[in-house]
1. Can you name the condition, by its number, that Thr44 falls short on among (1) over 30 Å from Ala146 (Cβ atoms); (2) among the β-branched types (Val, Ile, Thr); (3) modelled with pLDDT of 90 or more?
2. Is there a residue in the range 100-116 that is at pLDDT 90 or above, under 16 Å from Ile184 (Cβ atoms) and assigned by TED's automatic domain parsing to the domain that holds Thr200?
3. Of all residues being more than 42 Å from the chain's Cα centre (by Cα) and in a strand (DSSP E or B) in the range 189-209, which is surrounded by the most Cβ atoms within 10 Å (Cβ to Cβ)? Just the residue, please.
Amino acid sequence: MLGTGSAICSPSVIASPDLSGRSNPGGGAIKIATHPAGARNDMTEKCGKMKKLRLSSKARKAFRGGSRGFSMLEVVIAIALLGIIAVSVLSALQTAALAFISADRRATSESIARSQMEWVKTSPYIDYSQELSEPEREPDFYDNIAIQSGGGDYTLDTKAEPIDPSNHQPYDGEGGVFDNDDGIQLITVTVSYEGRVVVTLKDYKRESG
């Protein structure tokens, strides 16, 4: 079935019965009627205008109302997904940063502890049992090295305990004074950061000679 545009733009040749041909016994003759040249030009111009109108309406529909935009639900879902991804990435970065800081603190603490242990082992031997004969004298302790940690809040504690050779356990003592000292001590070096113990290092020191 042809539409309105097709009917207007159809060829300008129309078949109509010839009512004047009554002498023909076979019926009315067919007369071909054609439109004048001016009428055909007018119809051609009308067809061209209607085609342009149809094309223009299709173009407007394609650029304005034909392409469906994002709905509010789709926008909310997209924002939620981006938020979840951002939180996951930030959490991973924070975990990596904390792990790096913890590893750096431990490495620094281990370096401090090894330096202190080396300092104690190369220092002159302190006989803690001799303090018993001089109760008015304050007991000696091995000095701590100066900590250069780049401004970190590191603390260092060094403890020396004379060892009983019979059972390999420290002698009883209090306040740095022990019952006996047979020339071998257990040195314990503890490094803390902001009050929390990070590294504890133990080794033995023997009296030379």
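The values are calculated or read from the model by the stated rules, or taken from the named source; none is laboratory data. Please read these numbers as outputs of a predicted model, since none were measured by experiment. Because the Cβ atoms are built from the backbone with ideal geometry, glycine has one as well, and the counts that use them run over all protein chains shown.
1. (3)
2. no
3. Lys205
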